[in-house]
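All remarks here apply to the structure that follows.
The values are calculated or read from the model by the stated rules, or taken from the named source; none is laboratory data. These numbers come from a predicted model, not from an experiment. Here Cβ is always computed from backbone atoms with ideal geometry, including for glycine, and neighbour counts include all displayed protein chains. Calculation scope for accessible area: heavy atoms of the full protein, side chains included, ligands and nucleic acids excluded. Shrake-Rupley method; radii C 1.70, N 1.55, O 1.52, S 1.80 Å.
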Amino acid sequence: MRVAFRFWPVLVAISPLLASSLLGSSCGGQLEVLDDPPEGECDVEALAFEAGDPNGHPEPLGAPAAGQARAGRIQAADVPQPAHGKFRIEDGDFLLINDKIAAVIEDKDLSDGYARFGGELLSLDRVGADGRPLGKSLFLETLQLTSLYIVEPESVTVLNDGSDGKAAIVRAKGTLKALPFLADTFGAAFPKDYADLSAVIYYVLELGQEKLEIRYGVLNPDPDFDIDTGLNYPGSWELLGFFQTNFNKLFVPGTGFGDPKGFGDFIGFTNGDMDFAYLGPDGAPLEYGGVSQSGFHLFAGEGMVTEGCTASLSERFEIVVGDPGKGLDGLGEAVRRATNRPAWRELTGVVRDASGPVPGAFVHVLSGSDYLVRVQSGADGSYSVHVPPGETVSLVAQLRGYPSSPKTDVTAQTSSQDLVLGDTGTITVDARVAGQGTPLPVRVQVIPANPVEATPAAYGLPDERAGRLHQEFAIDGVATLRVPPGEHRVLVSRGYEWELHDETVQVTAGQTVNVVAALEQSVDTTGVMSADFHIHSAYSPDSDDPVDYKVLGILADGLDIPLSSEHEWIIDFQPIIESLGMQVWARGLPSQELTTFTWGHFGVVPVNPRPGEYNNGARDWLNKSAKDIFAEIDTLPEQPALIVNH
């Protein structure tokens, strides 16, 4: 007998990171499942996915010179590590490489991050003139999900090493298992129809291509039941869960850097150096899954059907790697090349103000209400951007401290357009210890009397909060800030122990106003040190603050003992403090925020980084009781304290 099983997704709100986020209101639908076992059996052995070569090509790095795409097992020393310094390439992982791009696929094993099982994509890079990866990858982690399930590989092998001139293929083969860190918490809310199915992920790279193709296959052992991941019902359980925005900005054409909605021509991740984009099969759009929380973003594919007693295999996603150093504009052009779409036309110009060219200004391109792309002007103020052929577009130049340029319409016949920013003046700040003249690390805030126009979310350049124009962490006590003409309040501070300098200045166009701030330490803290035991940076999924920026803020605010407390990762602020020459002002310590999803978040203080260990030495809490994990922490040589964070 057949019955209809209905799952109406809900958004569950709880605090720990993304624990709610896989239950998105845009995904789901109706699944038909069997109530009774079917009659008859399938020949599962005949359907089984073929075996692969455990090693692949012995010299994958020779692919560009040989005019091939190749796949082979590598040693970690063979290729540069990802630029983010987080998830690392290890001995025995697999390299896919052609003359354009390189990708590293993790071998089966305990995996850093949240996917945990291995067989996932570790690095996406461009290939340099020497035929080797450039080492600029900022790819972090993408969960390729069927409902709550991912492939737990029993093997990662090479199906074709590329020596025949055809596509190189690495294949992860295993069974669908629930995400471990969410299974116990939310497993009951998801359909179980996909559990324990045999499944494969193919990573496919063709010669000359700038994209990595992702194929996905499922073996259906049931003769009477078609496995549907969303193709024939509203919504989809074919999901992509992105943990990418710690080091990259999420971009979707149309909504730009603002909140995604509906379908996007591609899902871009831009960092300015090695951008990349996800698309559906054959360049199809992907749909936003309704969830963006704590650094996790959910999107959905169209789904697929695997009929009874068959093993399916089809392209599900494509990942395009942008031109190195060309940012979002270069990524868009790479997407169009990879999907055989017409190139956009080039538009050039110079961004200027009254005194001459302006370097570093953003140029935003819009078509009606749709946000298309942005670039930055070079050292000489020049910019080059690609825009749709045959269309009139609007340009807006922007740089913090300047009044934004008026929107300029550019017709399809125009190939060059200069942009002019409004007048500005300059505020300089020199902060020193009162009575001594010693330069003092400080936080500088500038608040205009006339608030500046809010920056649209689509532009991807968030304004400072509470009406501030600037917030500068001046660790040498010196700041130079450009401001529009008018009245500005300047606040210079150093935490709670020091007096605040509060001065209002009037700035005219072209004028430089100097603010001298002599700060007095009015709270005697002899024998006492301040500490913060709960600080996140971009090494936690719910923060996008670069770690260097976080340390600058720590130094400016007078924190004596800052402790890094990343979710399930260990870093140490002290090497950064020393590289800045600021160890006289602060002493960093490493720790972990032990982020359980059932019995709270805890600080483990201190615990040192352990390169080569799981999550850089973070203690693993999965499938352990509180008693067991606390006992394990007690055995650590650092003899850490355990703090209840929340």
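See the values below:
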read-out: Some residue of segment 516-537 being among the β-branched types (Val, Ile, Thr), under 33 Å from the mean Cα position of the chain (by Cα) and not in a helix (DSSP H, G or I); value: yes
read-out: Count of segment 73-95 residues which are out of contact with any strand residue (DSSP E or B) (no Cβ under 7 Å at 6 or more places or on another chain) and either open to solvent by less than 40 Å² (accessible area, probe 1.4 Å) or closer than 16 Å to Met274 by Cα (or both); value: 6
read-out: Qualifying positions in segment 228-252 - at pLDDT below 95 and β-branched (Val, Ile, Thr); value: Thr229
read-out: Selected residue (only one of Thr392, Thr408, Thr428 is over 28 Å from the mean Cα position of the chain (by Cα) and open to solvent by 60 Å² or more (accessible area, probe 1.4 Å)); value: Thr392
read-out: Residues located in segment 96-114, provided they are under 15 Å from the mean Cα position of the chain (by Cα) and open to solvent by less than 20 Å² (accessible area, probe 1.4 Å); value: Gly113
read-out: Hits in segment 333-365 - residues which are touching a residue at least 60 places away in the same chain (Cβ under 8 Å), within 17 Å of Asp409 (Cβ to Cβ) and under 28 Å from the mean Cα position of the chain (by Cα); value: His364
read-out: Condition check for Gly162: modelled with pLDDT of 95 or more and of a type in the set (Gly, Ala, Ser); value: yes
read-out: Residue list for segment 195-238, filter: aromatic (Phe, Trp, Tyr) and surrounded by 21 or more Cβ atoms within 10 Å (Cβ to Cβ); value: Tyr202, Tyr203, Tyr216, Trp237
read-out: Count of residues meeting criterion [open to solvent by 70 Å² or more (accessible area, probe 1.4 Å) and among the charged types (D, E, K, R)] in segment 503-537; value: 2
read-out: Residue list for segment 248-269, restricted to those being in contact (Cβ under 8 Å) with a residue 60 or more places away in the chain, among the small types (Gly, Ala, Ser) and assigned to a strand (DSSP E or B); value: Gly254, Gly256, Gly268
read-out: Test: residue in segment 54-61 that is over 19 Å from Ala129 (Cβ atoms), surrounded by fewer than 18 Cβ atoms within 10 Å (Cβ to Cβ) and either modelled with pLDDT under 95 or of a type outside the set (S, T, N, Q) (or both); value: yes
read-out: Cross-chain or 6+ apart pairs with Cβ under 6 Å, segment 565-589 first and farther than 27 Å from Phe602 by Cα and open to solvent by 60 Å² or more (accessible area, probe 1.4 Å), then modelled with pLDDT of 95 or more and of a type in the set (A, V, I, L, M, F, W, C); value: Gln583/Ile577; Trp585/Leu555
read-out: Residue count for segment 471-502, restricted to those that are of a type in the set (Lys, Arg) and open to solvent by 20 Å² or more (accessible area, probe 1.4 Å); value: 2
read-out: Filtered residues of segment 301-357 (kept if of a type in the set (Val, Ile, Thr) and farther than 30 Å from Pro234 by Cα); value: Val321, Thr348, Val350, Val351
read-out: Filtered residue count, segment 239-257, keeping only those that are over 15 Å from the mean Cα position of the chain (by Cα), of a type outside the set (S, T, N, Q) and open to solvent by 10 Å² or more (accessible area, probe 1.4 Å); value: 2
read-out: Filter result for the condition that a residue is over 30 Å from Trp599 (Cβ atoms), touching a Pro at 6+ places or on another chain (Cβ under 7 Å) and among the charged types (D, E, K, R), over Lys173, Lys211; value: Lys173
read-out: In segment 556-584, the residues that are within 27 Å of the chain's Cα centre (by Cα) and of a type in the set (Val, Ile, Thr); value: Ile570, Ile571, Ile576, Ile577
read-out: Segment 151-169: number of residues that are open to solvent by 10 Å² or more (accessible area, probe 1.4 Å) and under 27 Å from the mean Cα position of the chain (by Cα); value: 4
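Each row is one residue, and each column tells you yes or no for (1) in contact (Cβ under 8 Å) with a residue 24 or more places away in the chain; (2) within 20 Å of Phe247 (Cβ to Cβ).
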residue	(1), (2)
Pro80	yes, yes
Ala83	yes, yes
Gly92	no, no
Ile97	yes, no
Lys100	yes, no
